[in-house]
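Just so it is clear, none of the values below were taken in a lab; they were calculated from the coordinates. All values reported here derive from a predicted model rather than from experimental measurement. Backbone-built Cβ (ideal geometry, glycine too); neighbour counts: all protein chains shown.
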Amino acid sequence: MWDDTATSRSQFRHEILSGGMRGIGMSDGPQYRKWKTSIESYLLLRDLLKDEDPLQYKDRLRRCATSIVCCVAYGRRIKTLDGEIVVNNVKTATYFGKWVKPSLRLDPMFIWHAISRISVPGKFLVDSKFLQWFRWEPERRRAVDTEIYLTLLNQNDVKRQMKDGIAHPSVAIRGLEKQQELGLTDVETAYALSAPWAAGTGMTVATIEVFLLAMLQYPAVMKKAQVEIDSVVGSERMPDFKDFDALPYVQAVIKETMSAITKDETVFANAEEFISERFNASDRQMVNFTLPFGFGRRQILWVFNVMPPVDEKGNEVLPSTDSFTTGLTTRPEPFKCYFEPRSSQARDIIIQEAENADIDACAWK
């Protein structure tokens, strides 16, 4: 019992007390990651339930996604978007996105202007002010980023918590355990562990926003998906991960959301149209299409009807499907939508689930 397969005392107590089902004390793995996602999803749904501002959902989605990613990366929740680490991460992502945009790197006028400045007679290339200039701002940003990532790595004294056996499972813990073996410095480790934190939030939010945009444009698809959810889940509980295989149409809708992001005509015929039926069992390529996201959207459809605003005459005002941002992660331009509870019972259930999630969330700093 003393080999590598032995279970820690805290984990042993956890198994006896709750059969391994309570999130607090749960070891890292698929079950633990599902539990973390469930907590944030319940809190998100309650926030959407309370909001009256048809644009507030954007910040709600971002806080939820940011908290999930930060839990995975560093073992800590994000309660508000006003926190210093969130604000700094947004600045870093915005700056990085600006510098990797193709328009910045490939713009002929930018290149011509650079060459004209470094080709003045009497100047050497290595001494040019242009070359010195373009390094100043990125190097200042790198110094700030380094401090941010080192701070995140050491937030809440992760190393001490690891030693005491009380640290929440996270990518940071795994990285620190392997740091010496891999021969990485603290700075190298901090940057490596920042990957999900730096890149995971934007894509997660973008996929949900595209999904909401699709539900506004195709209400019949939303209704059909809700019928399937109701037939499998019923009205007395919320969808869970165990319902995944029993919801093929909902899976197809979410897959179509992902295909709408790529709009790759070589893979998806009529890519400009929302055709979830393309992912039926008869097409092997489509059936095997990767499904990286989706749990939160099943819950949204169980609780809410996603509704557009109406004008003074009562006509629905639908957002454009062609207005997207540019940058490292493209996403729909802000659009208005309302989240209408499908029943009073659904409203009561999400409030109760969110209250339970509040209790579980108290274990996270």
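Worth a mention:
- Residues listed by number, the range 317-360, amide nitrogen under 19 Å from LEU55 label point at 7 Å toward C-beta: 317-326, 331-339
- Amide H within-cut-off set for PHE324, under 5 Å, with H built and near neighbours excluded: GLU333
- Set LYS313/LYS336; LYS58/LYS91; LYS79/LYS178; LYS223/LYS255; LYS50/LYS79 screened for pairs whose C-alpha atoms are more than 20 Å apart: LYS79/LYS178
- Residue order, fewest to most surrounding Cβ atoms within 10 angstrom, among SER235, SER344: SER344, SER235
- Where labels lie 7 Å past Cα in the beta-carbon direction, separation of GLU272 and THR325 in nm: 2.6
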